[in-house]
1. Which members of the stretch 226-251 meet the condition of being in a loop (DSSP other than H, G, I, E, B), out of contact with any helix residue (DSSP H, G or I) (no Cβ under 6 Å at 6 or more places or on another chain) and surrounded by 14 or more Cβ atoms within 10 Å (Cβ to Cβ)?
2. Name the residues in the stretch 377-390 that are open to solvent by less than 80 Å² (accessible area, probe 1.4 Å) and not in a strand (DSSP E or B), would you?
3. Is there a residue in the stretch 394-410 that is under 19 Å from P379 (Cα atoms), open to solvent by less than 30 Å² (accessible area, probe 1.4 Å), hydroxyl-bearing (S, T, Y) and at pLDDT below 90?
4. Enumerate the pairs (first residue in the stretch 572-599 and part of a strand (DSSP E or B); second residue anywhere and charged (D, E, K, R) and exposed (fewer than 13 other Cβ atoms within 10 Å of the Cβ)) with beta-carbon separation below 7 Å, excluding pairs fewer than 6 apart on the same chain, so at least 6 apart or on different chains.
5. Hey, among G162, G243, G247, which residue is of a type in the set (G, A, S), under 60 Å from the mean Cα position of the chain (by Cα) and at pLDDT below 90?
6. Just checking: which of the strands (runs of 3 or more DSSP E) contained wholly in the stretch 277-370 hold 1 or more residues that are among the basic types (K, R)?
7. Would you confirm, using the coordinates I've provided, whether D105 is under 14 Å from G75 (Cα atoms), in a loop (DSSP other than H, G, I, E, B) and of a type outside the set (F, W, Y)?
8. If I filter the stretch 318-354 down to residues being among the charged types (D, E, K, R) and touching a residue at least 60 places away in the same chain (Cβ under 8 Å), which single residue comes out as surrounded by the most Cβ atoms within 10 Å (Cβ to Cβ)?
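The values are calculated or read from the model by the stated rules, or taken from the named source; none is laboratory data. These numbers were taken from a predicted model, which means no experiment stands behind them. Glycine also receives a Cβ, built like all others from the backbone with ideal geometry; neighbour counts cover every protein chain displayed. Areas reflect the complete protein model, heavy atoms only, side chains present, ligands, DNA and RNA absent. Shrake-Rupley method; radii C 1.70, N 1.55, O 1.52, S 1.80 Å.
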Amino acid sequence: MKITSTSGICPVLVCLCFVQRCYGATHHTSVKVTRNQTKQIEGETEVHHRPKRGWVWNQFFVLEEHIGPDPQYVGKLHSNSDKGDGSVKYILTGEGAGTIFLIDDTTGDIHATKSLDREQKTHYVLHAQAIDRRTNKPLEPESEFIIKVQDINDNAPEFPDGPYIVNVPEMSDIGTSVIQVTATDSDDPTYGNSARVVYSILQGQPYFSVDPKTGVIRTALPNMDREAREHYSVVIQAKDMAGQVGGLSGSTTINVTLTDVNDNPPRFPQKHYQLYVPESAQVGSAVGKIKATDADVGVNAEIRYSIINGDGVFSISTDKDTREGILSLKKPLNYEKKKLYSLNIEGVNTHLDHRFSHLGPFKDTTMLKVIVGDVDEAPVFTMPFYEMEVYENSQVGTVVGMVTARDPDSASSSVKYFIDNNLQEDKVFLIDSDNGAIRTAQPLDREEIPCYNITVTASETDNPTLASYVSVLIKVLDVNDNPPHVVIEDIVVCENSRAGQVIHTISTTDKDDTANGPRFYFSLQEGHAINQNFTLRNNEDNTASIITRRRRFSRTSQDLYYLPVVVADSGIPSLSSTSTLTIRVCACERDGRVRTCHAEAFLSSAGLSTGALIAILLCVVILLAIVVLFITLRRGKKEPLIISEEDIRENVVTYDDEGGGEEDTEAFDISALRNPSAAEDLKYRRDVRPEVMCTPRNLDQAAIDTINVQEFLKQKLTEADHDPSVPPYDSLQTYAYEGQRSEAGSISSLDSIGTHSDQDYNFLDDWGPEFKKLAELYGEKEPQRTT
């Protein structure tokens, strides 16, 4: 116990009185101990002080669950400073002080006023102090001590996880562990035997046993059979005080269920069974059930059934829910052929446990007799399906085929035949009700309906309600009754075609079957003269090519040609037809593409009426008249050769007259027709007004005399390309050369054009707006040479 002090640790004298209880015996002892002690404080050298009286401490013990009229005495506190005159006052603080624990402040006696439970709280920490009653000053430092609650056996063992539900396989060996149970005791396991538990079995013997120390439950008997007893209830007791008399006990229940193992083979309740099946039973239907019993459950009771002997008439399968054998019919029964079947049925477990193979084979067999019952059956056709053939165009009443049915019963009855007319409104076929012969009721055409599917009914004469049905497919065979025809298409021949050129490939259609159709033969119609324009070539693939026999055709002379073509098939007898093909002459490109054909074809295809065509032509005539009038007026008006500066744009000057000779100076530049010497000086263009004057070149006279036309043209072309005075657009200049000049020289008055004039034309500015253009040409300060 630690001694704490707020003023330092000093040697004190403590007197501790405590009560000690052992197994019900109580001893109250007051102990006074006087001692001198010094204590070294950490970090300081040992210093000796004058010894003082101090507390003598120890633990106090109080018995739990105290029952009595008076408070339970715990112990006594006493200080050596107490002279017995009542001057010392004892004070108790801490857990439960003043409520659970009370102290006599004069004598220091401590009592517990309430019954304590160790399982709720095992100890209490309190503080005691002695003070002077007069001055209220502490006589001793405050001391801490513990009151420990002493345990008694007041709690019985408990099973917190009970009751238990466990499974154990049946037929387990002795000592097979079932489960381990554990009991808990709230008493103090460190004090006495209050929490020492032992286990015992109260119920469940002699089948199970329990280990008294560990609580493990095991099987105690061999070959515990689930089929004999499946559930067991085992009661286990746990007792404290090591099982001694006076100890407390608790119990729990363990519900043990034996799980199944495959230790029982299947067994048929009877060795012989009998089953009645009518011969009218449908194939694939279930006709009976059989079941073997098995005492096991779950997968251990699953059984697979099989037929050991048999001719494949019956089959058996297992129903997983009911574990029954379902007998089904695989083949039709016939009472007249076989009236009884004996089947050996075997049932075998599917999940075997080899530990129990010594118990015998896990299978069983039984015999099943199947009795076939006689039933009045409907007639049976000799074939499940009939297929017949008949030629088209056959006479009415032609026999197509015959169907046959018989009564399968032992007392055979006559059969009647009928055709289901609901599927055939016009009654194309009839049937003989006695012998089943099918005949045609009207002519047949393969090209309209190539086949018929009818249903024939057969019923007993004595019992018409017993009827059977069969499908009859009647195919209509082809005869050569349709001639072939040429497919009519648009045929075009180009005006520039060559002789021997293929212009079209014709094809053929034939409604008859392939046996009476191809191969087709083509020819031109006989009885006419040999066609000089076209001929046919058989391509041996049921097509023919039209080939030209001459070169070049003209639309103006003849725009349409008619070619009669005869085509014949390979049927017996052979049929043929004649078709007239129309060949149109068209203008084509060099690669053979059609450019235009006769005007009538295009106009008619455009859908224009006669009135519309007349209106269009009238409009064209009016437009032509306006154009002619405009040209006439244009010729009568003289245009200046040089345009104004306000109208600067590209111009195309057209000269469409032959000129007026040397006197005509407006249409042509006469100087260009002169010798190269004069043309060199006057090289400026007449269609534009030059912005910059170019200095003319003076050619040497010897060079002019020796120049030729080709060099002259090349020189002019180069000068035109590099002339900076012309606009940046292309123009056409014509340079004509008349040859060397005459010896006498030129007598033309045009020489004055190439000379400079000293005359002043500024007076033109005063003549009015009519002479404005002329003033602009000649009235400038620096006269320019014009052409």
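1. Within the stretch 226-251, the first condition is being in a loop (DSSP other than H, G, I, E, B), and the residues that meet it are 226-230, 240, 244-248.
Among the residues that remain, those that are also out of contact with any helix residue (DSSP H, G or I) (no Cβ under 6 Å at 6 or more places or on another chain) are: 226-230, 240, 244-246, 248.
Matches in the stretch 226-251: R226, E230, D240, L248.
2. Step one: filter the stretch 377-390 for residues open to solvent by less than 80 Å² (accessible area, probe 1.4 Å), giving 377-381, 386, 388, 390.
Scanning the stretch 377-390 gives E377, A378, P379.
3. Checking the stretch 394-410: not a single residue is under 19 Å from P379 (Cα atoms), open to solvent by less than 30 Å² (accessible area, probe 1.4 Å), hydroxyl-bearing (S, T, Y) and at pLDDT below 90.
4. Close Cβ pairs (under 7 Å, with a partner that is charged (D, E, K, R) and exposed (fewer than 13 other Cβ atoms within 10 Å of the Cβ)) amount to A587/R595; C588/R595; R595/E589.
5. G162
6. Working: elements: 286-290, 303-307, 314-318, 325-329, 340-349.
It comes to 286-290, 303-307.
7. For D105, the condition - under 14 Å from G75 (Cα atoms), in a loop (DSSP other than H, G, I, E, B) and of a type outside the set (F, W, Y) - is met.
8. Among residues in the stretch 318-354 that are among the charged types (D, E, K, R) and touching a residue at least 60 places away in the same chain (Cβ under 8 Å), the one surrounded by the most Cβ atoms within 10 Å (Cβ to Cβ) is D353.
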